[in-house]
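Worksheet for the structure shown next.
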Amino acid sequence: MSFFLHEKEKKVISALYKLGLATVSLLAKETLINRTTLYPILEKLLQKGLLTKTQMENTTIYEAISLPDFQNWVKNKEKEAENEKNSLTTWLNSQKNPDKGSLLSEIKYFDGQEGLKSLYADTWRENKAKEILAITDYKQAYHLMGVEYFRNYFKKRVEKQVKVKNLLPPSKEGEEDLKDSKELLREMKFIKIFEDLGIEINIYDNKVSIVSFDDDHPNGILIKNSKIAEAFKNIFNFLWEKN
């Protein structure tokens, strides 16, 4: 546990599980860590994908990822440090506070590859409609996240019976995945206009996630808004029917 999270980082996450949502000032009061020290701690936790932040009326609000997402983060670290797994899981299970939803959490930001893994997990874990409408630059996605990661992601998505309609530019990677479309509950159409897009857009339920496959700073955003999601669905369906 100490290899992945320092004591002050654990103290911050524990405080967020207790508070649900918190500003830097509230966290400083709860953890007794001064604001100057808190800022770099929060930045590191964001990069690790363990926190999200929301901007509301010029105020930044922080929230810890859900306990199920934290559990998934632990599993992703098993190969890096198997001997750390048990202690981290034990500590995680001690956080008994239930997840707290909030109307403030309409937009969430995810930094780094670990953050993107949390963002992708939302597409199959929190998907009541069991369908994703996706626009994907497959070449860049595989380049950044790796084939093994997406194979594991596809497996979890299929286990949850979440289907995908996918618009993508022509690529060797896309052609290979086309062979397994039926098995992976996926329909695919190739559209040249999305060539070298460098991003992925996933539309599901009342959410739109946008991932930037930037080598230097991979990041993503999750927008929870029914009107925006509906507009993206209409655009997607128009392109799907035209191709």
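The values are calculated or read from the model by the stated rules, or taken from the named source; none is laboratory data. Model, not experiment: these values are computed from the prediction. Neighbour counts run over all protein chains shown; Cβ positions are idealised from the backbone, glycine included. Only protein heavy atoms, including side chains, enter the accessible area calculation; ligands, DNA and RNA are left aside. Shrake-Rupley method; radii C 1.70, N 1.55, O 1.52, S 1.80 Å.
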Taking Cα atoms only, helix 82-93 is inclined relative to the longest principal axis of the chain by an angle, in degrees rounded to 10, of 70 degrees
Run the accessible area of the range 1-56 with a 1.4 Å probe and give the carbon-and-sulfur part as a rounded percent. 58 percent
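For the chain, what does the accessible surface come to per residue with a 1.4 Å probe? Please give it in Å².
54 Å²
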If the reach is capped at under 19 angstrom between alpha carbons, list the aspartates and glutamates near Lys224, excluding any in the same chain fewer than eight residues apart. Glu57, Glu63, Asp69, Asp99, Glu106, Asp111, Asp122, Glu126, Glu131, Glu200, Asp205
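What percent do you get for the relative contact order of the chain when only Cα pairs under 8 Å and 6+ apart count? Kindly include the intermediate steps, with their values, before the conclusion.
On the way: 375 pairs, mean separation 41.9, N = 243.
RCO, the chain: 17 percent.
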Helix 112-125: inclination vs the chain longest Cα principal axis, degrees, rounded to 10, gives 70 degrees
Limiting things to C-alpha atoms, what are the Rg and the maximum Cα-Cα separation (Dmax) for the range 126-223, in angstroms? 12.7, 35
All-pairs alpha carbon distance profile, the chain, 10 Å steps from 0, percent: 7, 30, 34, 20, 8, 1
Label point distance in nm, Ser181-Asp196, each placed 7 Å from Cα along Cα→Cβ: 2.7 nm
If you roll a 1.4 Å probe over the range 146-230 with all protein chains in place, what percent of the accessible area is carbon or sulfur? 49 percent
Percent of beta bridges antiparallel (DSSP, the chain, rounded to nearest 5): 75 percent
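So which of Lys108/Lys130; Lys155/Lys242; Lys18/Lys48 end up more than 28 Å apart, counting from Cα to Cα?
Lys155/Lys242
Can you order the peptides 208-216, 45-53, 145-153 by their average number of other Cβ atoms within 10 Å per residue, highest first?
45-53, 208-216, 145-153
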